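Enquirer: Below is a structure I'd like to ask you about.
The values are calculated or read from the model by the stated rules, or taken from the named source; none is laboratory data. Here the structure is a predicted model, which means the values were calculated and not measured. Every residue, glycine among them, receives a Cβ derived from its backbone with ideal geometry; neighbour counts consider all protein chains shown. In case anyone asks, the SASA skips ligands and DNA or RNA and just uses the protein heavy atoms, side chains included. Shrake-Rupley method; radii C 1.70, N 1.55, O 1.52, S 1.80 Å.
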Amino acid sequence: MIARFAAALAFAAALQLAQAAPAVAGEPAPRHGLSIFGELKYPPAFAHFDYVNPDAPKGGDLHLWSLDSFDSLNPFILKAVPADGIDATFDSLMVQSMDEPDSAYGLIAKDAVFDAERHMLAFDLRPEARFHDGTPVTADDVVFSFETVVKDGNPRFRILFQGVAGAAADGRERVIFRFKPEATRDLPLLVATGVPIFSKAYFKGRDFNHTGLDPILSSGPYAVAKIDPGRSITYARVADYWAKDLPVNRGRYNFDHIRYDYYRDREIAFEAFFSGQYDFREEATARQWATGYDRPPVRAGLIKKEVLPDYTPSGVQSFFFNLRRAKFQDRRVREALSLAFDFEWENRTLFYGLYKRTRSMFENSELAATGLPSPEELKLLEPYRDRLPPELFMRQFDSPTTDGKTTIRDNLRTAQELLKQAGYEVRSDKLVNAKTGETLGIEFLLFEATFDRVVGPYVQNLKRLGIDARIRTVDITTFQRMQDNLDFDVVIRRFTQPLTPGVEQRAYWGSANADTPGTLNFGGIKDPIVDALVEKIVGATDRPSLIAACHALDRVLMWDYFTVPQWYSGTHKIAYWDKFDRPKVQARYTLGETDLWWYDAPKAKAIADGKAPAK
């Protein structure tokens, strides 16, 4: 799934209707938005979001970069590598606010209303909603879109929408979603923000699962304008975009064109930035941020560097073991492998001390477990005490540490003892299963060579234990296929955590989809305790209950060493050619460079003349 729709599916967790004027007794009132755990910030007649410039000028181009290649303009199916930015061509029923953790407001749908029993939710569509060919967006299109992604789309849609009993059109401008009795309360918000809307007529005679480069007819603020297959894609702002003046869009989508150029190598892409081949980058490589920006365009003030606060959970970036393979099923083996990763050495040697070690699946948020379990957490954990590591109840989890110099030897000695307890022994410098004589081999599957320097030292430490550790680097298409087919030992993956977790935790950790091709449960965790705690998150009725359930799940995931967590920053490190401007109020939960910034013509002229723009 693409970024915006993946984020929408992730951020929905528990739903109640936002408060508005009281309805007549017995008659549910339509609402202009949906909210999680509380009221909406913006009233029915709001003019625009606070974090936009409603008078931002339209025009100019934004050039961005991406890695490797793409082979499809359909991001909603499994067998494709979609083009970056394609999400901007699609609309959804509602759109998330970026200064609230858990709210959405009407886009294609002008309002939403539950029936009295809350078993059904109706969306009333805006009659002015149009696809790019001028045809209206109807309730039949919404029903078709939902049924199509569930039936033929990425399996993740089937998992996330499994509690929806069905969708039906009630006339041209009303669509009704019915929910199963066991449905989670997050489903209405998932439907509102996570279903991309297609044209039913467009797909008559077309195969939804086609992976080619034909743009899907859509209704969003941008349309595909030009494609250089595998190398670049350009989107053009739709001048007569039907929703451009709606409150949720005012001040947004300001660039005439947005182009993504693809590079096979990160280093080449980095150099291309300083020659003006593209305009903006969020730096993800500590070495480059620390040493690579002392260049003439930066010193001359043509390129700006900034560090901005990141108010979102930092996400999960880890080495994921494929627990479907027997060699990773013993917790002692996983802990031993975790002890062999020397983050402190890598942070000092490779990352210039710019990162912090991840010690939680909800890092950089109040959802991360700290200290000893609280009484509320203990209520959730006590029923499983005899099946959980005793340490979980005795101390806070912290990832294994070293001094970055010599103490990895102590960790490796502890790892050797754990491996011995798990039934391994060293024979001829190789770690083998004492019963079968099989050497413990571990292959790290990568799709970009720049990660070799990160994984390489880890591999060397594993070899010191006698493990046959190695790196295999493939192209991104092969990587995606192998990952989706669950054909790997260890992969490095990163996914975001929402501000209000919910049903997406089933996708990340749940047993039900552990063996589903394309699953987000990369490691294949199948643990009834994890499943039970995920359901506590999904069923939480208030914020304190949600936090306690997240803490409890966090402790179980970390103490079972299902992954080897890596690192996080807690900030956005950005650099850009200084020909843009942005709102004075920063959106709390997004950088917004593609939809909140705008082109500044006087600055751009100064840059073109080789001069730093006036301050």
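Enquirer: Carbon and sulfur: what percent of the stretch 293-428's accessible surface (1.4 Å probe)?
Expert: Heavy-atom surface of the stretch 293-428 belonging to carbon and sulfur, 1.4 Å probe: 50 percent.
Enquirer: Enumerate the whole-percent occupancy of each 10 Å bin, from 0 to the last occupied one, for all C-alpha pair distances of the stretch 135-260.
Expert: 11, 34, 36, 17, 2
Enquirer: Measuring with a 1.4 Å probe in the full set of protein chains, what accessible area per residue, in whole Å², belongs to the stretch 390-525?
Expert: 44
Enquirer: Could you give the nm distance between label points at V298 and D581, where each point is 7 Å from its Cα heading toward the beta carbon?
Expert: Each label point is offset 7 Å from its Cα along the Cβ direction, giving 2.7 nm.
Enquirer: Trypsin sites (Lys or Arg not before Pro) within the stretch 93-193: which are DSSP loop residues with at most 15 other Cβ atoms inside 10 Å?
Expert: Working: sites: K110, R118, R130, K151, R156, R158, R172, R174, R178, R185; in loops: R118, R172, R185.
Answer by residue number: R118, R172.
Enquirer: Can you grab the distance from the C-alpha centre of the stretch 330-369 to the C-alpha centre of the stretch 146-162, Å, no decimals?
Expert: 34
Enquirer: Further question on the same structure: Taking a label point 7 Å from the Cα of T291 along the Cα→Cβ vector, which residues of the stretch 351-368 have an amide N closer than 15 Å to it?
Expert: 351-354
Enquirer: Once you place label points 7 Å from the Cα toward the Cβ at E306 and D170, how far apart are they in nm?
Expert: For E306 paired with D170, the spin-label model returns 4.6 nm.
Enquirer: Restricting attention to the stretch 302-381, which GluC sites (Glu not before Pro) occupy a DSSP loop and are surrounded by at most 16 other Cβ atoms within 10 Å? Don't skip to the end; give the middle numbers.
Expert: On the way: sites: E306, E335, E344, E346, E363, E366, E376, E377; in loops: E363, E366.
Those that pass, being in a loop and sparsely packed, are E366.
Enquirer: State the percent of C-alpha pairs, over all pairs in the stretch 362-455, separated by a distance greater than 21 angstrom.
Expert: Roughly 62 percent, rounded to a whole number.
Enquirer: Still on this structure, please answer the following. Based on the Cβ-Cβ distance of K463 and R348, what FRET efficiency does E = 1/(1 + (r/R0)^6) give at R0 = 25 Å, to the nearest 0.05?
Expert: 0.70
Enquirer: Let me ask you something else. If I model a spin label as a point 7 Å beyond the Cα along the Cα-Cβ vector, how far apart are those points for N433 and A239 in nm?
Expert: Using points 7 Å along Cα→Cβ, the separation is 6.8 nm.
Enquirer: A follow-up question, please. Counting other Cβ atoms within 10 Å, keep those with at most 10, restrict to DSSP loop, and tell me which GluC sites (Glu not before Pro) in the stretch 33-142 are left. Spell out each step's value before the answer.
Expert: Numbers: sites: E39, E117, E128; in loops: E39, E117, E128.
Passing both the DSSP loop test and the Cβ count: E117.
Enquirer: Please report the orientation-averaged projected area of the stretch 222-381, defined via the convex hull of its C-alpha atoms, in nm².
Expert: With every direction weighted equally, the projected area is 16.5 nm².
Enquirer: Could you do me a favour and compute the accessible area per residue for the stretch 174-269, 1.4 Å probe, result in Å²?
Expert: 44
Enquirer: Over the Cα atoms of the chain, each weighted equally, I'd like the Debye log10 I(q)/I(0) at q = 0.05 Å⁻¹, rounded to two decimals.
Expert: -0.23
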